[in-house]
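Every number here is computed from the coordinates shown, using simple stated rules; none is lab data. Please read all numbers here as calculations on a predicted model, not as lab measurements. Using ideal geometry, Cβ is built from the backbone for each residue, glycine included, and neighbour counts are taken over all protein chains shown.
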Amino acid sequence: MSPVYGCGHPALFEDSMTLPIDTIDNWRPDGLTIRCIDAHTEGEPLRVILAGYPQPAGGTLLARRNELQTHHDALRTALLWEPRGHADMYGCLITEPIHENADFGVLFLHNEGYSTMCGHGIIAVTKVVLETGILSKSEPEPQILIDTPAGLVTAWAYIEAGQVQSVRFRNVPSYAHAMDQFVDLSDVGRIRYDIGFGGAYYAYVEAEEVGLETSPEYYSDLIHVGKMIKQTIIADLPIVHPYEPDMGFLYGTVFIGAAKSSDAHSCHVCVFADGEVDRSPTGTGVSGRLALLHARGELAPDEPIIIESIIGSSFTGMITEELRFGPHKAIIPEIEGRAFITGQHTFILDPQDPFRDGFLLR
């Protein structure tokens, strides 16, 4: 028997098989609506929140971060967790700037809470605000000043034919916090690690030291061991930020492996927050790594290196300045990568939806 086609409602397809979706413009759903634009930076997602989300109060970005965490955290889980997101979704909220000369401020959201700085987020949000016309900047390389909880960050977009081809940013002062430390892991043994700061604190571990590789087939094991390393170090080594107590915490584990391509220096796999895996090389993670390489005398200023990710994408990193940051010898890193816009969304938080606030399955 021949298959039967065209079983749909015929009135829906009278005009060249086009659904009458203009009726959606007149639809007014029940519940809160939040408008977002989604993008990715070298594979790592960013959901940019544009409207419908409360603007937190506070004279600093850290204060606003605490305000979101205390009073509006259900909105974070609603947007980033299932069914609207997933365990590795990442987001940001654009806020009013703190510094008089800044263009805007930004707060970063992930599966566990709120970051203090995010390199891939800076690259993607710069792409979004320029290409959508939220900010009007002229070619070929406009400068944008962005307030983050970790401090003021400067970004430049390389624009060609009206499109942002890449973004580079100068991060906050980054430094080696602790080097050649050792910790004992159950089922793994004694491992060596360094701690670097690039807007957030990371433990850096050679992947081969724990019997792993920085490639997709080791994805689940990297999550398991990365979380184990993070929790063990948290219990073993207190971290104190020179100026901001709210920033004194270990954010994740960065596994270091061999590069796949001949022009790259090495590969990073960052396991952060609650077992979230960065698909990019991690902008703050690369910043901290540059500081560690500099502290070991292995990288001088103005020497660019390429760091790969677990999926083969890459960032280019370079030291632009040496300085003091509290008790630390620090650097100013510059990181460059590409971002792409993937969609725009109006999310609906139906008050009758039992999963309105989201859930996670691993």
Check your understanding: Which of the lysines could be linked to Lys329 by a straight reach, that is with a Cα gap under 25 Å, when you skip same-chain ones fewer than 8 residues away?
Key -> Lys230
Point to revise | MRE, 222 nm, helices only [DSSP H, n ≥ 4, -39500 (n - 2.57), over the chain, to nearest 500] | key: -5500 deg cm²/dmol
Study note, to complete from the structure: The simple spin-label model distance between Ser136 and Asp25, using points 7 Å out along Cα→Cβ, in nm, is 2.5
Point to revise | Set of lysines near Lys127 by C-alpha distance (under 18 Å), chain-local residues within fewer than 8 positions excluded | key: Lys137
Point to revise | Student exercise, the stretch 34-191 dipole from Lys, Arg, Asp, Glu Cβ charges, in Debye to nearest 20 | key: 260
Check your understanding: Looking at the stretch 230-287, which chymotrypsin sites (Phe, Trp or Tyr not before Pro) are DSSP coil and have at most 11 other C-beta atoms within 10 Å of their C-beta?
Key -> Tyr243
Point to revise | Highest average packing first - 298-309, 145-156, Cβ atoms within 10 Å | key: 145-156, 298-309
Check your understanding: What percentages, rounded to whole numbers, describe P(r) for the stretch 53-105 computed over all alpha carbon pairs with 10 Å bin width beginning at zero?
Key -> 23, 46, 26, 5
Revision key, fill the gap. Of the convex hull drawn through the C-alpha atoms of the chain, the volume per residue in Å³ is 206
Study note, to complete from the structure: Longest principal axis of the chain (C-alpha) makes with the long axis of helix 283-295 (C-alpha) an angle, in degrees to the nearest 10, of 10
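I want the antiparallel fraction of DSSP beta bridges within the stretch 208-355, as a percent rounded to 5. Mind dumping the intermediate values first?
On the way: 21 of 23 bridges.
Here the antiparallel bridges make up roughly 90 percent for the stretch 208-355.
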Check your understanding: In degrees from 0 to 90, rounded to the nearest 10, what is the angle of the helix 119-131 Cα long axis to the longest principal axis of the chain?
Key -> 40
Study note, to complete from the structure: Of all DSSP beta bridges having both residues in the chain, the percent classed as antiparallel (nearest 5) is 85
Check your understanding: Relative contact order of the stretch 24-113: what whole-number percent is it, with Cα pairs under 8 angstrom and at least 6 residues apart?
Key -> 24
Revision key, fill the gap. If R0 = 41 Å, then Ile348 and Ala63, at their Cβ-Cβ distance, give a FRET efficiency to the nearest 0.05 of 0.85
Point to revise | Normalised contact order of the chain, rounded percent, pairs of Cα under 8 Å and 6 or more residues apart | key: 20
